[in-house]
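Quick one: structure below, then a few questions.
The values are calculated or read from the model by the stated rules, or taken from the named source; none is laboratory data. Please read all numbers here as calculations on a predicted model, not as lab measurements. Cβ coordinates were reconstructed from backbone atoms using ideal geometry, including for glycine residues, and neighbour counts include every protein chain displayed. Protein only, heavy atoms only, side chains kept; ligands, DNA and RNA dropped before computing areas. Shrake-Rupley method; radii C 1.70, N 1.55, O 1.52, S 1.80 Å.
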Amino acid sequence: MRLNPVLAVLALLIVPLTALCAPFAYVQNEKSGTVSVIDTANDEVVVEIKAGDKPRGAALSADGRWLFVSDQPNNVLVKVDTETREVAGKIELGESPEGVSSSPDGKWIAAASEISNAVNFIDAVSGKKQFAVKTRGKNPEHAVFSPDGKWMFVSAEDADSVDIIDVKRRKQVAAVKVGDRPRGIAFRPDGKVAYVACEIASTVYAIDVDKRSVIKQIKTGNFANGVTMAPDGKRVFISNGKDGTVSVIDTGTHEILANIPVGKRPWNMAITADGRKLYVANGRSNSVTVIDAVELRALSEVKVGEMPWGVVIK
């Protein structure tokens with residue numbers, strides 16, 4: 001059977017056009033109880049989704065279909081359908097959930113619960129909580145998987161160390177001492193080094209993952225907080241809450257390449273898969289600053305909901 005020439009041409013065009021579609025950035029606004037959805041093609045908010053009373057951490061499923069958002073006062077994960085942009089369900093967690101992450105293999109969604117001092121592991125397919133791992137650090141905020149999925153690094157507000165969970169064994173196996181109040185965490189893509197921002201110390205700690213030891217302390221701006229790694233692993237971005245800046249660190253030399261002005265109280269961030277644009281949640285400006293992650297300069301500021309806590313992109 002011969003294929004219609006017109007249909008053949010259309011078939012060739014559809015794939016490239018789909019591939020060129022820009023992703024969406026999802027911004028959790030804790031005071032307005034919404035998620036602002038930004039089209040990264042034009043950096044405009046296209047919709048606001050109601051997502052509990054105080055959304056904080058968030059993570060996307062491997063296929064990008066589901067957005068899991070922690071609703072802190074209600075002790076649940078809100079499951080949002082990114083196609084219909086409606087809430088599809090809620091998952092019971094421990095008390096005061098904050099940071100949320102997804103495992104590299106797409107199997108797990110993890111949520112740190114502050115008052116419970118634990119990390120909850122949810123089956124990403126069934127949406128059911130499977131188990132929780134207690135942490136030594138008090139008030140865990142971020143829980144991040146290593147690129148190979150073997151380890152989870154957990155930061156806690158009332159601590160001066162990073163807890164390490166063996167995911168397969170489902171238990172904490174080590175802790176690495178850092179500065180006061182560790183916050184954001186990001187791994188280099190090869191999984192050999194993790195970067196942890198410590199807010200009170202205003203310092204970023206580079207940790208050798210295999211040796212479980214600090215290899216470098218890097219002074220950034222005041223109240224270092226969020227941490228985001230470039231996809232190629234050559235740069236890591238740090239938000240400085242008191243300064244209203246984002247520091248850019250060369251992961252090869254551990255030198256600061258730039259300090260980029262953003263909005264008030266920058267918090268958590270996300271970068272596009274191509275590594276070209278960084279989105280920074282400005283908690284006290286009710287905005288997201290879009291940064292050119294190649295040329296290291298601010299491009300625009302997008303108004304979102306009240307007190308944005310973080311951003312996720314798929």
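For a quick check of your reading of the model, give me the residue pairs whose first member lies in segment 203-219 and is in contact (Cβ under 8 Å) with a residue 60 or more places away in the chain, whose second is of a type in the set (S, T, N, Q) and surrounded by 12 or more Cβ atoms within 10 Å (Cβ to Cβ), with beta-carbon atoms closer than 7 Å and at least 6 apart or on different chains.
Val209/Ser146
Is it the case that Val290 is part of a strand (DSSP E or B), at pLDDT 95 or above and crowded, with 23+ Cβ neighbours inside 10 Å? Even if it seems obvious, please write down each step before you answer.
Details: part of a strand (DSSP E or B): yes; at pLDDT 95 or above: yes; crowded, with 23+ Cβ neighbours inside 10 Å: no.
Taking the combined requirement at face value, the residue does not satisfy it.
Determine which member of the set Asp63, Asp53 is part of a loop (DSSP other than H, G, I, E, B), in contact with a Gly (Cβ under 6 Å, 6 or more places away or on another chain) and open to solvent by 10 Å² or more (accessible area, probe 1.4 Å). Working first, answer last.
On the way: Asp63 fails: in contact with a Gly (Cβ under 6 Å, 6 or more places away or on another chain).
Exactly one of Asp63, Asp53 is part of a loop (DSSP other than H, G, I, E, B), in contact with a Gly (Cβ under 6 Å, 6 or more places away or on another chain) and open to solvent by 10 Å² or more (accessible area, probe 1.4 Å), namely Asp53.
Also, quick follow-up: Pull up segment 109-131, narrow it to residues that are farther than 17 Å from Gly89 by Cα, out of contact with any Ser or Thr (no Cβ under 7 Å at 6 or more places or on another chain) and not in a loop (DSSP other than H, G, I, E, B), then point me to the one that is least open to solvent (accessible area, probe 1.4 Å).
Only one residue fits best here, namely Ala112.
Scan segment 149-202 for residues that are in a loop (DSSP other than H, G, I, E, B), more than 23 Å from Arg235 (Cα to Cα), touching a residue at least 24 places away in the same chain (Cβ under 8 Å) and among the hydrophobic types (A, V, I, L, M, F, W, C) and jot them down.
Listed by number, the list holds a single entry, Val167.
Then there's this: Give me the pairs, please: first residue somewhere in segment 78-107 and within 25 Å of Lys138 (Cβ to Cβ), second residue anywhere and open to solvent by 70 Å² or more (accessible area, probe 1.4 Å) and not in a strand (DSSP E or B), beta-carbon distance under 6 Å, and either six or more positions apart or on two chains.
So the pair list comes out as Glu95/Ile115; Ser96/Ile115.
OK, next. So which residues in segment 79-95 are surrounded by fewer than 23 Cβ atoms within 10 Å (Cβ to Cβ) and aliphatic (A, V, I, L, M), if there are any at all?
Let us first name the residues in segment 79-95 that are surrounded by fewer than 23 Cβ atoms within 10 Å (Cβ to Cβ), namely 79, 81-92, 94-95.
Once the filter is applied, which keeps residues that are surrounded by fewer than 23 Cβ atoms within 10 Å (Cβ to Cβ) and aliphatic (A, V, I, L, M), segment 79-95 yields Val87, Ala88, Ile91.
Another question, then. From Ile238, Ile249, grab the single residue that is at pLDDT 95 or above, touching an Asp or Glu at 6+ places or on another chain (Cβ under 8 Å) and under 16 Å from Ile207 (Cα atoms). Give the derivation first.
Numbers: Ile238 fails: touching an Asp or Glu at 6+ places or on another chain (Cβ under 8 Å).
Ile249 is the lone residue from the list that is at pLDDT 95 or above, touching an Asp or Glu at 6+ places or on another chain (Cβ under 8 Å) and under 16 Å from Ile207 (Cα atoms).
Still on this structure, please answer the following. Of all the residues that make up segment 301-314, how many are touching a residue at least 40 places away in the same chain (Cβ under 8 Å), over 11 Å from Gln28 (Cα atoms) and surrounded by 14 or more Cβ atoms within 10 Å (Cβ to Cβ)? I'd like the intermediate steps shown before the answer.
We begin by selecting, within segment 301-314, every residue touching a residue at least 40 places away in the same chain (Cβ under 8 Å); these are 302-314.
Next cut, over 11 Å from Gln28 (Cα atoms) only: 302-303, 313-314.
Next cut, surrounded by 14 or more Cβ atoms within 10 Å (Cβ to Cβ) only: 302, 313-314.
So the answer is 3.
Being surrounded by fewer than 16 Cβ atoms within 10 Å (Cβ to Cβ) and closer than 14 Å to Lys192 by Cβ is true for just one of Asp232, Asp210, Asp250. Which residue is that? Write out each step before concluding.
Values: Asp232 fails: closer than 14 Å to Lys192 by Cβ; Asp250 fails: closer than 14 Å to Lys192 by Cβ.
Being surrounded by fewer than 16 Cβ atoms within 10 Å (Cβ to Cβ) and closer than 14 Å to Lys192 by Cβ holds for just one of Asp232, Asp210, Asp250, which is Asp210.
Give the residue that is nearest to Asp274 (Cα to Cα), with candidates limited to residues of segment 213-229 that are polar (S, T, N, Q) and open to solvent by 20 Å² or more (accessible area, probe 1.4 Å). Steps first, please.
Here is the first cut: in segment 213-229, the ones polar (S, T, N, Q) are 213, 217, 220, 222, 225, 228.
Filter once more, keeping what is open to solvent by 20 Å² or more (accessible area, probe 1.4 Å): 213, 217, 220, 222.
Values: Ser213: 31, Gln217: 28, Thr220: 25, Asn222: 29 Å.
Among them, the one singled out is Thr220.
Follow-up question, since we're still on this one. Quick one: is Gly221 in a strand (DSSP E or B), small (Gly, Ala, Ser) and touching a strand residue (DSSP E or B) at 6+ places or on another chain (Cβ under 8 Å)? I'd like the intermediate steps shown before the answer.
On the way: in a strand (DSSP E or B): no; small (Gly, Ala, Ser): yes; touching a strand residue (DSSP E or B) at 6+ places or on another chain (Cβ under 8 Å): yes.
So Gly221 fails the test.
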